[in-house]
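Data first, discussion second: the structure below is written as structure tokens.
The values are calculated or read from the model by the stated rules, or taken from the named source; none is laboratory data. Given the structure is predicted, the values throughout are model-derived calculations rather than measurements. All Cβ positions, even for glycine, are placed from backbone atoms using ideal geometry, and neighbour counts span all protein chains on display.
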Amino acid sequence: MTVFLLSGCATVEKDAVNNIDQDSRTQATEITEDTMTGYLLHIDTKTRVVSLNISKWVNRGKTEVNDMMHSKKITYNENTIFQDKHGSVVHPGDFKIGEKLAVLPTTDAESSSDETASVADKVIQLTMSKEEKLERFLASSDNFHTVVLYEEGTTPPYDEMDFEKHVPESFSGGISWVPYIEGLAVDYKEELGLEKLPMILVFDRNGLVFQTETLEQLKL
């Protein structure tokens, strides 16, 4: 009888621990501007290493920012909690390149380098705003930014000489050639409602203002 009671108590204790662990995995975590955030560059689920681009977080609040990328290696273990911003459990193997993640505990900015890895207690999958998803496309000034979006592995339909000949004024706002890569966190075809590529896209500070398949139709 005594043995039965002890066995029962042990089972209850184990279940209680599991319930506590599950509760901790489904409790949303508050994210502040000081919480380290970054965009996924690489993840190796075998070695349990995550590499993040934390440039925006490192440069937060700064008036002068250089173009140097700041990256950080994060390691995780069986005790690391993975969840989305609502507290639901997510799995690192489902993360896509470009995913925005928050990591706790936060590393000091001074030690935010890719040379030393820090161990994460919690990794939170964040939702990106429309502006964040299209940040690399949006104009940084009052001039328009032109983007040639084409399928990865193919040759862009137009080069700099073509733009110089037909639309030289496009250089004032910058021109970018961006290959479309499937499987990333941000699907640009879906985000911009594009049915086919290649496409010439023109952006102002707020979003897409014009698109065309041919350079001759481009008017800035």
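In the stretch 176-220, what count of residues is obtained for those that are surrounded by fewer than 18 Cβ atoms within 10 Å (Cβ to Cβ), touching a strand residue (DSSP E or B) at 6+ places or on another chain (Cβ under 6 Å), over 25 Å from L40 (Cβ atoms) and β-branched (V, I, T)?
Adding up the residues that qualify gives 2.
When you look at E151, is it within 20 Å of the chain's Cα centre (by Cα) and not assigned by TED's automatic domain parsing to the domain that holds K96, yes or no?
It is false that E151 is within 20 Å of the chain's Cα centre (by Cα) and not assigned by TED's automatic domain parsing to the domain that holds K96.
For (1) over 15 Å from S118 (Cβ atoms); (2) outside the structural domain of P105 (by TED's automatic domain parsing); (3) assigned to a strand (DSSP E or B), each residue gets a yes or a no:
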position	(1), (2), (3)
L41	yes, no, yes
K46	yes, no, no
W57	no, no, no
R60	yes, no, no
E64	yes, no, no
M68	yes, no, no
K72	no, no, yes
N79	no, no, no
F82	yes, no, yes
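Residues being more than 30 Å from K100 (Cβ to Cβ) and surrounded by fewer than 14 Cβ atoms within 10 Å (Cβ to Cβ): count how many of those fall in the stretch 144-161.
Number of matching residues: 4.
If I filter the stretch 48-103 down to residues being under 18 Å from E135 (Cα atoms) and aliphatic (A, V, I, L, M), which single residue comes out as farthest from the chain's Cα centre (by Cα)?
V65
Quick one: which residue in D94, D121, D159 is within 17 Å of T32 (Cβ to Cβ) and out of contact with any Cys (no Cβ under 8 Å at 6 or more places or on another chain)?
Every option except D121 fails the conditions.
What do you reckon, is F171 outside any loop (DSSP other than H, G, I, E, B) and among the aromatic types (F, W, Y)?
Considered against the rule, which asks whether it is outside any loop (DSSP other than H, G, I, E, B) and among the aromatic types (F, W, Y), F171 comes out as yes.
Specify which of the listed residues (V167, V123) is among the aliphatic types (A, V, I, L, M) and at pLDDT below 95.
Just a single option satisfies the conditions, and that option is V167.
When both residues are 6+ apart or on different chains and their Cβ atoms are under 9 Å apart, which pairs have a first residue that lies in the stretch 168-192 and is at positive phi, and a second that is assigned to a loop (DSSP other than H, G, I, E, B)?
Matching pairs, first to second residue: G174/A139; G174/S140; G174/S141; G174/N143; G174/F144; G183/K96; G183/I97.
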